[in-house]
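Peer 1: Let me give you the structure first, and then I'll get to my questions.
The values are calculated or read from the model by the stated rules, or taken from the named source; none is laboratory data. Since the structure is predicted, the reported quantities are computational estimates derived from the model, not experimental observations. Glycine gets a Cβ as well: all are built from the backbone with ideal geometry, and neighbour counts include every protein chain shown.
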Amino acid sequence: MVAQKLVGQTQPNWHDMSPFVVHFTKAANGKSEYENSMSILSSRRLQARNPFGIGKNYLAAPKCVCFSEIPLHQIGRLADKRGPYGIVFRKEFIVKHNGGPIMYAYQGTTHATVLRNLVDGAAGKPDDPVWQIAPFVDQPGLYGKSSYFFEWEREWRHVGDLNFKEADPAFLIIPEKLHEVARGFFDDAERENLGPNYKCPFIDPYWDLDKIKSILMP
């Protein structure tokens, strides 16, 4: 019997938690955040471009797509770092596709050392089972002159590319000034059979919680 992939429920007044995870699009490869966002939405695919987690510097480490479970009223904090465009899914969708929240094994702890030894032993073995868990474990700590502490991002990951349908996103993150233009663009794409139409809500990352909830939970 296949186990059900369930996600614990949050309550509307639990503002420290979110039923969603967000992937922000960054400027990269000579393209702006907007251009990369439209490319993702057009292809209906989030590409796994980089390895993450313990062992990310080994060739055997798989590439991942990253998300954040940051609370709705703090989305602007990530937008400051990533940009004002993003795509948002319910947690259930990511878990259904075998993604999930990452774990933290703090530098110097016993479990961090054990995990590091397992990964080091699988460095040249891409089929080793440890690579199924390594992308979901980070080791916060001090490394040389730099520190690595990103717990505030409440990160989730999915190993490999993530394909989705236009009905799958819970909402899109787009600057408010472009909401009307974006809605018209997607409607035209559907009418002219040029691409998908995203009929989900659009949210500006800098709206306050009350305004976001008024759109998502009218």
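Peer 1: Would you pick out the residues in the range 187-198 that are within 18 Å of residue 85 (Cβ to Cβ), out of contact with any Ser or Thr (no Cβ under 8 Å at 6 or more places or on another chain) and either at pLDDT 95 or above or surrounded by fewer than 16 Cβ atoms within 10 Å (Cβ to Cβ) (or both)?
Peer 2: The answer is 197, 198.
Peer 1: While we're on this one: Any idea which residue in the range 69-79 is surrounded by the most Cβ atoms within 10 Å (Cβ to Cβ), counting only those that are closer than 16 Å to residue 157 by Cβ and of a type in the set (A, V, I, L, M, F, W, C)?
Peer 2: In this case the residue turns out to be 70.
Peer 1: When only residues in the range 103-139 that are of a type in the set (Asp, Glu) and not in a strand (DSSP E or B) count, which is nearest to residue 55 (Cα to Cα)?
Peer 2: Kept after step one, since they are of a type in the set (Asp, Glu), are these residues of the range 103-139: 120, 127-128, 138.
Remaining after also requiring not in a strand (DSSP E or B): 120, 127-128.
Details: 120: 7, 127: 14, 128: 12 Å.
Among residues in the range 103-139 that are of a type in the set (Asp, Glu) and not in a strand (DSSP E or B), the one nearest to residue 55 (Cα to Cα) is 120.
Peer 1: Just to be sure I understand the filter: pairs with C-beta atoms under 9 Å, separated by 6 or more residues or on different chains, first member in the range 2-28 and at pLDDT below 85 and assigned to a loop (DSSP other than H, G, I, E, B), second member loosely packed, with under 11 Cβ neighbours inside 10 Å and hydrophobic (A, V, I, L, M, F, W, C). Which pairs pass?
Peer 2: From the range 2-28, the pairs are 12/217.
Peer 1: Could I ask something else about it? Yes or no: the range 55-68 includes at least one residue that is buried (at least 20 other Cβ atoms within 10 Å of the Cβ), touching a Ser or Thr at 6+ places or on another chain (Cβ under 9 Å) and of a type in the set (A, V, I, L, M).
Peer 2: There is no residue in the range 55-68 that is buried (at least 20 other Cβ atoms within 10 Å of the Cβ), touching a Ser or Thr at 6+ places or on another chain (Cβ under 9 Å) and of a type in the set (A, V, I, L, M).
Peer 1: Need the failing condition index for residue 200 against (1) touching a Leu at 6+ places or on another chain (Cβ under 7 Å); (2) part of a helix (DSSP H, G or I), just the number.
Peer 2: (2)
Peer 1: Ok, one more. Do you know which residues across the range 142-166 are without any contact (Cβ under 8 Å) to a residue 24 or more places away in the chain, part of a loop (DSSP other than H, G, I, E, B) and not aromatic (Phe, Trp, Tyr)?
Peer 2: Correct list: 144, 145.
Peer 1: OK, next. So which of 61, 48 is under 14 Å from the mean Cα position of the chain (by Cα), part of a loop (DSSP other than H, G, I, E, B) and under 23 Å from residue 163 (Cα atoms)?
Peer 2: Numbers: 61 fails: under 14 Å from the mean Cα position of the chain (by Cα).
Only one candidate qualifies: 48.
Peer 1: With the requirement that a residue be under 16 Å from residue 48 (Cα atoms) and part of a strand (DSSP E or B), what does the range 89-100 give you?
Peer 2: 100
Peer 1: What number of residues within the range 80-139 satisfy the criterion of being surrounded by fewer than 16 Cβ atoms within 10 Å (Cβ to Cβ) and in contact with a Lys or Arg (Cβ under 6 Å, 6 or more places away or on another chain)?
Peer 2: 1
Peer 1: Further question on the same structure: So residue 34 passes all but one of these: (1) of a type outside the set (Asp, Glu); (2) exposed (fewer than 15 other Cβ atoms within 10 Å of the Cβ); (3) over 15 Å from the mean Cα position of the chain (by Cα). Which condition number does it fail?
Peer 2: (2)
Peer 1: Which of the residues spanning the range 64-83 are part of a strand (DSSP E or B) and either over 14 Å from the mean Cα position of the chain (by Cα) or among the hydrophobic types (A, V, I, L, M, F, W, C) (or both)?
Peer 2: Across the range 64-83, the qualifying residues are 64, 65, 66, 67.
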